[in-house]
Amino acid sequence: MTWVNQGGYYSNPELSLIVSRAAQPSQRIRQFVDVKEAKGKGVGDTFYWNKVSNVDDADNGAALVETDPVPCISYNTERGTILIDEYGKGINRTGKFEALSMFNIPAEHKEQLRLMMGKSLDTLAYNQFNATKWRYVATGAATAGNISTSGSTTVTCASQLNGFHMKAMIDY
């Protein structure tokens, strides 16, 4: 039996709402973002923070000879800056809309605005990550991949991204 030309459709609005909400990711890109508080800052203000590099761990775990001095290591500290912007969205509603709806409209609007905020922040974070000229191509499962700082690379990926590659990127 074909359901294409039967003149209607079956639906379960409550189940559809639950499934569509569950399918919305709370964050995709923002999980890679480090949150810094900028109390008292407003639109157009510049926020500064310290960026600290990892220490060189080339000799990590090397045994010491009793008479040798303990090797010293160093790290770099740089200053990061960001310009504060403001974003916003709204949803129009009327009393009639609330009176005739089967949903709790204020809660529904709050949920929709929360989802939109998450998508907006994820999009902004993605755009910043994508704007970098830094590219990493995994060339082997347990070998350091190719790192390019020109914005493009001609190397072909030969391995799936794994924990070894993540560590190589972080240590770079």
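Taken together, the values in this text are just the output of simple stated rules run on the coordinates, not laboratory data. As the structure is a computational prediction, the values presented were derived from the model and not from experiment. So basically every Cβ, Gly included, is an ideal-geometry build from the backbone, and we count neighbours across all protein chains shown.
When Rg and Dmax are taken over the Cα atoms of the stretch 71-163, they come to 23.0, 74 Å. Converting phi to 3J(HN,Hα) with the Karplus coefficients 6.51, -1.76 and 1.60 and the offset θ = phi - 60°, the stretch 130-147 yields 6, 6, 5, 8, 7, 10, 10, 10, 6, 9, x, 5, 10, 10, 4, x, 8, 10 Hz in sequence order, with x at every glycine or proline. Take 89-101, 114-126, 146-158 and order them by the average number of nearby Cβ atoms within 10 Å per residue, most first; the result is 114-126, 146-158, 89-101. Spatial offset of the stretch 154-172 relative to the stretch 75-138 amounts to 29 Å, using the alpha carbon center of each.
Could you tell me which of rounded, prolate or oblate describes the stretch 114-172, using a ≥ b ≥ c as the square roots of the eigenvalues of the alpha-carbon gyration tensor, with rounded for a/c under 1.5 and, failing that, prolate when a/b is larger than b/c and oblate otherwise? It is prolate, given that a/c is not under 1.5 and a/b is the larger ratio.
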